[in-house]
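Below is one structure, written out as structure tokens, with a few remarks after it.
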Amino acid sequence: MKVVLLGYMGVGKSTLGRVLADSFKFNFIDLDSYIENKEDMSIPKIFKIKGEIYFRKLESQCLKEVLEKDEDIVLSLGGGTPVYANNMQEIIDNQDVTSVYLKIQLDELVSKLFQQRSSRPLISHYKDKSEFEEFVRKHLFERQQFYFLADYVLDLSDKTVDESLSELQDLI
Ligand code: S3P
């Protein structure tokens, strides 16, 4: 079985993925880290040196590789993974996969993400918080149509990691 966690940057896909994998005794794979290991380069550096198109191809190829593994895995995607190539279709078509869209309220997301933006190439240039919020609102709206194709939706707004974990365990 594979549990695939998806959602916008900063919702906590990796944090929750790691604890869920521990509780299920599954392997945990964070797709961004998998890409960084394979390329021996950080995500910001891949974007800077090779560009986003290169990154998206690599992301799609790495997703296929992970989905083909014959083991139980909890996989956290990057925020853009479901949106590009045929990635979301691959996830939906895979009988071994249970996918969950993790969402949080916009104001909570914006506050968290504004502090963490420096390591994320798509948003690291924002200086003004209200401009940033405007971008995230539109970007999330565009991406949600892909995110909502997941098998389940879990709202993590105002929840601790423990609360989120127990809701996720009940869901899948
Ligand atoms: C991206 C999200 C990032 C990473 C890359 C692009 C996106 O992952 O894959 O910076 O397009 O939303 P996180 O969602 O883990 O930040």
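Observations
- Residues that are surrounded by fewer than 16 Cβ atoms within 10 Å (Cβ to Cβ) and more than 15 Å from the chain's Cα centre (by Cα), drawn from the stretch 152-166: S157, D158, T160, V161, D162, E163, S166
- Test: Y84 is away from the ligand (no atom under 11 Å from the Cβ) and surrounded by 13 or more Cβ atoms within 10 Å (Cβ to Cβ): no
- Selection of first residues in the stretch 1-30 that are on the phi > 0 side of the Ramachandran plot and in contact (Cβ under 8 Å) with a residue 24 or more places away in the chain and of second residues that are charged (D, E, K, R) and near the ligand (Cβ under 10 Å from one of its atoms), restricted to Cβ pairs under 7 Å at least 6 apart or on distinct chains, gives the following pairs, ordered by first then second residue: G7/K13.
- If the condition is being surrounded by 12 or more Cβ atoms within 10 Å (Cβ to Cβ) and hydroxyl-bearing (S, T, Y), then the stretch 125-151 contributes Y126, Y147.
- Members of the stretch 1-54 found to be among the aromatic types (F, W, Y), over 24 Å from N94 (Cα atoms) and within 11 Å of the ligand (Cβ to nearest atom), listed by number: F47
- Odd one out for S118, checked against (1) within 13 Å of the ligand (Cβ to nearest atom); (2) in a helix (DSSP H, G or I); (3) modelled with pLDDT of 95 or more; (4) over 16 Å from the mean Cα position of the chain (by Cα): (3)
- Residues being farther than 28 Å from L106 by Cβ and in contact (Cβ under 8 Å) with a residue 40 or more places away in the chain - total across the stretch 43-63: 1
- Residue that is surrounded by the fewest Cβ atoms within 10 Å (Cβ to Cβ) [pool: residues in the stretch 1-38 that are of a type in the set (D, E) and under 9 Å from the mean Cα position of the chain (by Cα)]: D30
The values are calculated or read from the model by the stated rules, or taken from the named source; none is laboratory data. What you see is a predicted model; the values in this text were computed from it and never measured. Positions of Cβ are backbone-derived with ideal geometry, glycine not excepted, and every protein chain shown enters the neighbour counts.
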